[in-house]
Amino acid sequence: MARRKRTGSSKPRNFSDPHANGLYFPKIRRKRSKLHGWGVFALEPINKNKRVVNYAGEKIRNRDSTPREERYLSRGEIWCFRINHLFSRDAKVGGNVARFINHSCTPNCYSNIIGDTIWIIAGRNIRLGEELTYNYFTEGEGEIPCRCRPGCKSLL
């Protein structure tokens, strides 16, 4: 009986190559922001609907995130991102550069939760050097003034 010949390349795939298997993420960098403290900026143009970065951090129960959120809020910071009615991600613990993406009422990115991964996705084409922002859609009693543009009167 004849065996079928394998088709395709016999070369091993290089999984360290960021372009392999469509796993390329745009280059971004944290630096000082005019909006608030630190921000994240595009080091290359980013196409609309491109996944930019995942919002990493310790996965904790929402009941455990409440005291942390109160502590962070007292310093004017928001690090906890609600995944669902049971869990949140605390980017202050085990977070990545995504935690420095600032809020905006008129953002250029949006968040999307797939499973328990929070993705920050380009909501429109983003220019080289542009600061990345998304709407935090915060809930609760804490209030932080929005700094997305001069004269913005919104509260987070």
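Does any residue of segment 29-37 turn out to be open to solvent by less than 60 Å² (accessible area, probe 1.4 Å), under 13 Å from the mean Cα position of the chain (by Cα) and small (Gly, Ala, Ser)? No, the conditions are met nowhere in segment 29-37. Tell me, please, whether a residue that is open to solvent by less than 20 Å² (accessible area, probe 1.4 Å), of a type in the set (A, V, I, L, M, F, W, C), within 16 Å of Tyr136 (Cα to Cα) and part of a strand (DSSP E or B) can be found in segment 59-72. No, segment 59-72 contains no residue that is open to solvent by less than 20 Å² (accessible area, probe 1.4 Å), of a type in the set (A, V, I, L, M, F, W, C), within 16 Å of Tyr136 (Cα to Cα) and part of a strand (DSSP E or B).
Rundown of residues vs (1) touching a strand residue (DSSP E or B) at 6+ places or on another chain (Cβ under 8 Å); (2) at pLDDT below 95; (3) open to solvent by 40 Å² or more (accessible area, probe 1.4 Å); (4) not charged (D, E, K, R), yes/no style:
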site	(1), (2), (3), (4)
Met1	no, yes, yes, yes
Gly8	no, yes, yes, yes
Asp17	no, yes, yes, no
Pro45	yes, no, yes, yes
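Would you check if there is a residue in segment 70-78 being farther than 19 Å from Arg30 by Cα, touching a Cys at 6+ places or on another chain (Cβ under 8 Å) and touching a residue at least 12 places away in the same chain (Cβ under 8 Å)? Looking through segment 70-78, at least one residue is farther than 19 Å from Arg30 by Cα, touching a Cys at 6+ places or on another chain (Cβ under 8 Å) and touching a residue at least 12 places away in the same chain (Cβ under 8 Å).
With the condition being crowded, with 18+ Cβ neighbours inside 10 Å and charged (D, E, K, R), I'd like the strands (runs of 3 or more DSSP E) fully within segment 77-116 carrying at least 2 qualifying residues. Quick ask: steps written out before the conclusion?
On the way: elements: 80-82, 87-90, 109-114.
Of the strands (runs of 3 or more DSSP E) lying wholly inside segment 77-116, those with at least 2 residues that are crowded, with 18+ Cβ neighbours inside 10 Å and charged (D, E, K, R) span 87-90.
The values are calculated or read from the model by the stated rules, or taken from the named source; none is laboratory data. Source: prediction; values computed, not measured. No Cβ is skipped: glycine too gets one built from the backbone with ideal geometry, and neighbour counts run over all protein chains shown. Just the protein is used for accessible areas: all its heavy atoms, side chains included, with ligands, DNA and RNA removed. Shrake-Rupley method; radii C 1.70, N 1.55, O 1.52, S 1.80 Å.
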